[in-house]
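Colleague: Quick one: the structure is below, questions incoming.
The values are calculated or read from the model by the stated rules, or taken from the named source; none is laboratory data. It should be emphasised that the depicted structure is a prediction, and the values quoted were computed from it without experimental measurement. Glycine gets a Cβ as well: all are built from the backbone with ideal geometry, and neighbour counts include every protein chain shown.
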C-alpha cells in the first residue's frame, strides 16, 4: 500500500480505488477479486466511476486482468481476477494516459461500454457467492471477495489437495539408487541391512493412518529415515557378508 501512496500517478477517487485493491492483494500484487458495488461503497464513489477507473487502470497497464468472471451465482461462479503489474511493483513507470481519458473529463460521465459492464456485473455475481446481505448493516451490499484475500473455492481445493501429498504405494520397493545412497550415508551398513531398513520403512508408513501417513516426496522421506537410523556395530558392519550393495541383484529394474 505504501508503494501506491508514493508512486501511483493519479490522485482522487482513482488513487483511493488503487489503495483498496492493493490492500486486498497478496504481497506480490496477485489475487485481487473486486466487487464494483463494494469498491464504490468503500471509496465513496458511484459504481459507474469505479467501473471507469478499473478500465483506466487496465489501459495504463497498472492493473492486469488475469481471468474474466465465469458462471453466475452460487459456488459454481468464479469472480473476475486481477493482479497489479509486476513490472510496476519492481519499479517501472506507467505510460501516461491522454487528457481526454482523465477521471474528471468527459469520459467519466459516459456510461461504461457493454463489454466492461458485463464483465463487472459477472464479477459482482461471483463475488457475492449467492448470499444476500453479506454485510449485516448494508442491505444488498455485496461482499468484497476477499478481504483478506481469499482464493476461489476451486483454487483452494487444488492447493490443499497438492499440499496433502500421497500415501506410500502398496507396491513400493526401494530403488537401487536410493539403496546406494543409504550405503554412502551410513558407511557401517551393508546391503542386507539396507533391505531390512527398507522393509521397516514400508511397514511403518503403510500402517500410518490419517494425514500423517501422507508425504509429498517419498524419496526425501526415505533419506530422512536413513539419517535418523543408527550405525551398525563393528561385527555387523558393511562388508561382513563379503558383498557390497552394488554387487547383488535386488529385483527387476535394479530395485531392492
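Colleague: For a quick check of your reading: which helices (runs of 4 or more DSSP H) sit entirely within the stretch 137-256 and have at least 2 residues that are modelled with pLDDT under 55 and surrounded by fewer than 12 Cβ atoms within 10 Å (Cβ to Cβ)?
Modeller: On the way: elements: 153-164, 176-185, 191-207, 218-228.
Of the helices (runs of 4 or more DSSP H) lying wholly inside the stretch 137-256, those with at least 2 residues that are modelled with pLDDT under 55 and surrounded by fewer than 12 Cβ atoms within 10 Å (Cβ to Cβ) span 153-164.
Colleague: Quick one: residue 41 ticks every box in (1) assigned to a loop (DSSP other than H, G, I, E, B); (2) surrounded by fewer than 18 Cβ atoms within 10 Å (Cβ to Cβ); (3) touching a residue at least 24 places away in the same chain (Cβ under 8 Å) bar one, so which box is it?
Modeller: For residue 41, the failing item is (1).
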